[in-house]
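*Asks:* Can you keep this structure in mind? I'll have questions shortly.
Nothing in this text is a laboratory measurement; each read-out follows from the coordinates by a stated rule. Everything numeric here is computed off the predicted structure, so don't read it as measured data. Backbone-built Cβ (ideal geometry, glycine too); neighbour counts: all protein chains shown.
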Amino acid sequence: MMSRQVATKLPQKALTAHPVLSLTPGKMRAMASRGDSDEAYVVGLCNRVLGEEALTQHRFDWLLGDPGAGGRQVRLPVDAY
C-alpha cells in the first residue's frame, strides 16, 4: 500500500523565487497580453527560422465555428498563417 504525501506550506522564500508563484494580481494582468504568451513566442521563432512574418489571428471565410442558437457561425482565428 502506498502512502499519501501531505502537502506542506512552502516557505516565503520559495514563493518569491518562483516566477509564477511570485506574481501579484497586477503582474498577472500585465502578463496576460498576447505578446507575452507561449503562442507569440513560438510564432516569433517560426518567423525567424522561415525569414517571413506570419499573419496572426487571421480569419478565413471557410473556417467557421459551430452554429449558435440563432444559426449564426463566426469565422475562427488561426494562430498564425
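*Asks:* How do the pairs read when you match residues in segment 61-79 that are at negative phi with residues anywhere that are among the aromatic types (F, W, Y), using Cβ under 7 Å and keeping only pairs 6 or more apart or on different chains?
*Replies:* Short answer, once both residue conditions are applied: R75/F60.
*Asks:* I need the full set of residues from segment 33-81 which are part of a helix (DSSP H, G or I) and of a type in the set (D, E, K, R), in order please.
*Replies:* Result: R34, D36, D38, E39, R48.
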